[in-house]
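Each remark here refers to the structure printed beneath this line.
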Amino acid sequence: MAQLLFRRGSESLFRIVLQSSATKIGRSAACDIVLGDAEISREHAVLYKIEGHYLLKKLGQSPLTLNGKEIESQSLKEGDEIGLGPWTARFSEGAAEDLAEEATAVTGAGAAVTQAVAKGPKGLWVRELCLQVLEPSKAPRTLPLRAESLSVGASDKNDLVLQDSFVSSRHLKLTCRDGAVRVFDLGSTNGTYVNGVKVREAELEEGQVLKLGQCELRLVGEEKLESAAPKAIERFCGMVGASVEMRELYGLLERVAPTEAGVLILGESGTGKELVARAIHGLSPRARGPLVAINCGAISPELIESELFGHEKGAFTGALRQHDGAFGQAKGGTLFLDEIGELPLELQPKLLRVLENRRYRRVGGDEELNADVRIVAATHRDLAAAVREGRFREDLFFRLFVMPMYLPPLRDRREDLPLLCEQFLREFSTASPKRLGAEAFDKLKQHDYPGNIRELRNVLLRAVILAKGETLKAEDIVFPQEFGGGRGVALETLEEMERRLVLKALTAAAWNKAKAAEALGVAKSTLFAKIKLYDLQEPREGS
């Protein structure tokens, strides 16, 4: 049976049995064999099985070599060496003894300390052992273990420098050899601890925590996803923006969404975190399942456990029937935990156990249920600071901090303002579409937007409703802090402004709902839902 034996450097890492008529190799999660290296194209190469023979064909821009020579396509024979970036794959048609149908993962050795792990029946992600570093008053960071030896201490001569008065100048050393990571205390003043136990020398396992002074290092295995190349697009899954920050986000979403990796969305309020969560769900294999969103800060502490895990009938006063909870409702889909930083401290250990064991019980129940969900969390809080202040559990933080995505504030991507304004004005369009005048746009450009995109949307919606002409003028652009300055304008909620806009469109269309929906740029079903929501009544003749 034909097979490929993959190596990285001098180490054999895994073997693939070729069972399909076409086997695609590349960086994309859609490939049959996924290699997460920057040198690998999204679709790098494909192996075709044609009448018992194998043909190797180049797909991407990155070089593809066969026995050291670059090729476009060529037939394979026994012992051929295929070069794919830092990887080499040896082709063999010999008997495969004791081979499983899936890849056999073998821990690598040497400087890289990489691992290959199965993803689905055939695909592979390359994983890399890393240190997650948590220091006082600093954002968390991740450091790949790519050297055979790593020194840690307060002196700037170390490979990893920790600014902590309780950390010795040369505190400890980590070695990475033969697939194992060992820690050696270098005679530090305050000692080195592994999961709370003081050690002089120890072998580390994935997930264990090193504590030195006030700093903590966690050994983790992470999917090696390099920064995605910016996509040359302006809109992506409902998001709008052509800035480098947004285009890089689009590329990262395209890479991460098809996986099962947990995602933590970070960003200020109003930056569009829920849109990102919807994009992750919509691009994932779970897209046919439900997307359930729960705001951890909008539910009382007494009810949050029941809202998350559900409850049995009679579990507490008022529990008149069984309730599935968010985990049950999201079965087979995605659970979006918005404002995860507001989750009560006493509930955090229960969520951590569910994330680690994928099992949970309803409140008042004995049956263990399977948590068949993908977790996407979001927060506008500084979770690392919350950990240091004791308001958020460190182990839950690291469990969530698998694939962080940062949404920049609007003030840091002002070049996206024209696109955003165009999008919102088109969304708010009525029978008399509005456009921005030069002075109005200048005023928009000079604002800092503490409320981010949500604030911009509300400002434009308010301007569209109140403007007298087709062109929005500078005086039509009113920011929240300007209210109360003698303008005589009452501050409306978004719902009130939307109600006014819908009513204005219906009146302009003489209550022809099809025309009103077309003028608003929404589906008729959406318009009917708004009419019902706001209890809008068509005026009777003569009234």
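The values are calculated or read from the model by the stated rules, or taken from the named source; none is laboratory data. Predicted, not measured: the structure shown is a model, and the values here were computed from it. All Cβ positions, even for glycine, are placed from backbone atoms using ideal geometry, and neighbour counts span all protein chains on display. Quick note on the areas: whole protein, heavy atoms, side chains included, nothing else; ligands and nucleic acids left out. Shrake-Rupley method; radii C 1.70, N 1.55, O 1.52, S 1.80 Å.
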Length gained if residue 496 through residue 142 is fully extended, taking 0.36 nm per residue and subtracting the Cα-Cα distance, is 122.9 nm
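Is there a quick way to get the dipole size of the chain? I mean about its Cα centre, with the Cβ of Lys and Arg at +1 and of Asp and Glu at -1; what is the value in debye to the nearest 20? Walk me through the intermediate numbers first.
Details: 74 positive and 78 negative charges, 199 e Å.
The dipole magnitude comes to about 960 debye.
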Label model pair residue 155, residue 522: point-to-point distance (7 angstrom along the Cα→beta-carbon line) in nm is 6.7 nm
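Which value, in Å³ per residue, describes the convex hull spanned by the Cα atoms of the chain?
230 Å³
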Once the dipole of the chain is set up from charges on Cβ (+1 Lys and Arg, -1 Asp and Glu), the residue from the list 420, 181, 409 lying farthest towards its positive end is 420
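Using a ≥ b ≥ c from the Cα gyration tensor of region 399-451 (square roots of the eigenvalues), is it rounded, prolate or oblate, where a/c under 1.5 gives rounded and otherwise the larger of a/b and b/c decides, a/b for prolate?
Details: a/c = 3.81, a/b = 1.88, b/c = 2.02.
It is oblate, given that a/c is not under 1.5 and a/b is not larger than b/c.
Let's test the formula: R0 of 60 Å, r as the Cβ-Cβ distance of residue 511 and residue 474. What FRET efficiency results, to the nearest 0.05?
On the way: r = 34 Å, r/R0 = 0.57.
Taking R0 as 60 Å, the efficiency between residue 511 and residue 474 is 0.95.
Does region 293-339 classify as rounded, prolate or oblate by the C-alpha gyration tensor (a ≥ b ≥ c root eigenvalues; a/c under 1.5 gives rounded; else a/b over b/c gives prolate, otherwise oblate)?
On the way: a/c = 3.74, a/b = 1.34, b/c = 2.79.
Here region 293-339 falls in the oblate category.
From the Cα gyration tensor of region 263-324, with a ≥ b ≥ c the square roots of its eigenvalues, which class applies: rounded if a/c is under 1.5, or else prolate if a/b is larger than b/c, or else oblate?
Details: a/c = 4.10, a/b = 1.72, b/c = 2.39.
Oblate, because a/c is 1.5 or more while a/b does not exceed b/c.
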For the pair residue 317 and residue 534, the simple spin-label estimate (label points 7 Å beyond Cα toward Cβ) gives in nm 4.1 nm
proj_area_mean for region 22-88 (convex hull on C-alpha atoms), units nm², value 4.2 nm²
The chain: antiparallel bridges as % of DSSP beta bridges, rounded to 5, reads 75 percent
Cα-based Rg/(2.2 N^0.38 Å) for region 290-383, rounded to two decimals, is 1.02
Which residues qualify? For residue 42, with a placed amide H closer than 5 Å and at least 5 residues away or on another chain, they are 27
Share of accessible surface on carbon and sulfur in the chain, whole %, 1.4 Å probe and ligands ignored, is 48 percent
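On average, how much accessible surface per residue is there in the chain, in Å², for a 1.4 Å probe, leaving out ligands, DNA and RNA?
49 Å²
Extension gain residue 233-residue 288, at 0.36 nm per residue separation less the Cα-Cα distance, in nm? Numbers along the way, then the final one.
Numbers: separation 55, 0.36 × 55 = 19.80 nm, distance 2.57 nm.
Stretched fully, the residue 233-residue 288 segment lengthens by 17.2 nm.
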